[in-house]
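The values are calculated or read from the model by the stated rules, or taken from the named source; none is laboratory data. These numbers were taken from a predicted model, which means no experiment stands behind them. Neighbour counts are summed over all protein chains in view; Cβ atoms, including those assigned to glycine, are modelled from backbone coordinates with ideal geometry. Please note that ligands, DNA and RNA were not included when accessible areas were found on the heavy atoms of the full protein model with its side chains. Shrake-Rupley method; radii C 1.70, N 1.55, O 1.52, S 1.80 Å.
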Amino acid sequence: MESETTIAENLHNTCEKAQYDVACKRLLSEKIILAWIMKECLEEYKDYDVKEIAEKYIEGDPQVSTVPVMPDTAGTMIRGLNTEDTSLHEGTITYDIRFYAIVPNTNERIRLIINLEAQSDFYPGYPLPKRGVYYCSRMISSQYGTEFTASHYEKIKKVYSIWICMNPPKYRENTTTRYSMAEFPIVGNVKEPVENYDLLSVIIICLGSSNSERYDGVLKLLDVLLSKTAEVDEKRQILQDDYDIPMTQTLESEVSIMCNLSKGIEDRGIAKGIARGMEQGLARGMAQGMSEGTATAIKNLTKNTGWSIERAMETLGVPETDRPKYMQMLQSM
């Protein structure tokens with residue numbers, strides 16, 4: 001019965017954490033949030049206004065990969081581009097958020113995916129940049145048959161993989177790093193147009209403490225938005241005052257859901273910690289009681305039989321490794 005209860009609790013906790021993950025992704029899928037990320041992280045948009053990016057350059061409705069926590073509501077949520085990428089030999093991978101964007105002053109489209117990496121371990125068994133490069137490679141190869149056919153490689157669209165890490169190691173907190181292709185002449189000094197090889201970039205955004213001087217811009221925005229401790233009112237004020245992001249009914253609903261989920265996870269964690277502490281304390285108390293009982297037995301045995309302490313401990317079967325402990329206890333009795 002006890003194991004069944006534990007299994008049920010684990011299933012409930014896993015489900016709730018999955019819901020929290022979905023809530024985070026739905027928040028990130030708001031166009032105004034994506035526009036802030038694009039402006040600060042992508043060269044193509046750094047000189048453009050955030051609202052202009054959201055309204056003019058994000059094409060269609062970017063799509064969240066997983067089932068939403070609540071039914072869809074009207075707003076600027078993402079629904080367009082399929083988030084699954086299937087290959088006969090490499091299997092299916094699911095992107096968190098994927099969408100098209102238009103490059104300003106051109107007719108070019110680029111593909112972007114926003115990946116939310118919420119693991120506490122920044123190195124989950126592999127380097128994160130490598131996974132980002134793999135995702136970019138899949139997005140490029142999957143363009144065959146849709147963006148280009150035959151040998152028309154000139155039609156390949158640039159791709160980005162952006163990772164938001166909520167719990168990075170200390171040395172990476174409040175940092176944004178881009179990994180991309182570059183030209184390095186080996187012999188001679190020829191120059192190829194950048195757009196002919198700069199086809200993929202991986203960007204890793206690592207959130208961190210508000211105590212850092214780098215805690216600003218999109219780093220602060222995402223930290224506030226995804227915070228497990230900040231209340232809805234606090235988030236509303238910062239989003240509106242610092243980033244001119246109106247707290248619409250849809251956005252406030254998503255923020256509220258995420259706050260409630262994180263509060264529930266936190267409360268259960270505290271309760272579990274208290275229960276574990278009580279259990280460990282009881283075990284230590286029982287062990288201490290048994291030790292005192294054994295010491296009393298040794299003392300009585302030596303008193304009633306005249307045996308040495310060593311003989312009494314041997315008769316009682318006290319392990320040799322524990323005997324110095326009982327010798328010390330007997331001195332104070």
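Sum up the lysine pairs in region 107-264 that clear both bars: alpha-carbon distance under 27 Å and a spacing of 8 or more or different chains.
Value for region 107-264: 17.
Sorted by average packing, counted as other Cβ atoms within 10 angstrom per residue and highest first, what order do 295-307, 128-140 take?
In decreasing order of mean packing, 295-307, 128-140 become 128-140, 295-307.
At 7 Å along the Cα-to-beta-carbon direction for both Thr250 and Glu59, put a label point, then send me their distance in nm to one decimal.
Distance between the two pseudo-spin positions: 2.0 nm.
Quick check: residue separation of Val232 and Asn167 times 0.36 nm, minus the Cα distance between them. What number comes out in nm?
Contour length minus Cα-Cα distance gives 21.3 nm.
Where does each of Lys25, Lys191 land when they are ordered by accessible area, with a 1.4 Å probe and the largest first?
Lys191, Lys25
Taking 56 Å as R0, compute the FRET efficiency from the Cβ-Cβ separation of Asn211 and Asn304 and round it to 0.05.
0.25
What accessible area per residue, rounded to a whole number of Å², is obtained for region 147-221 using a probe radius of 1.4 Å?
Per residue, region 147-221 has an accessible area of 58 Å².
Mind pulling up the Rg/Rh value for region 132-259? Radius of gyration and Kirkwood radius, both on Cα.
Here the Rg-to-Rh quotient is 1.11.
Show me the ranking of peptides 141-151, 172-182, 249-259 by mean Cβ neighbours inside 10 Å, starting with the highest.
Top to bottom by mean Cβ count within 10 Å: 249-259, 172-182, 141-151.
Could you calculate the contour length gain from Arg178 to Tyr48, that is, 0.36 nm times the residue separation minus the distance between their Cα atoms, to one decimal place in nm?
44.8 nm
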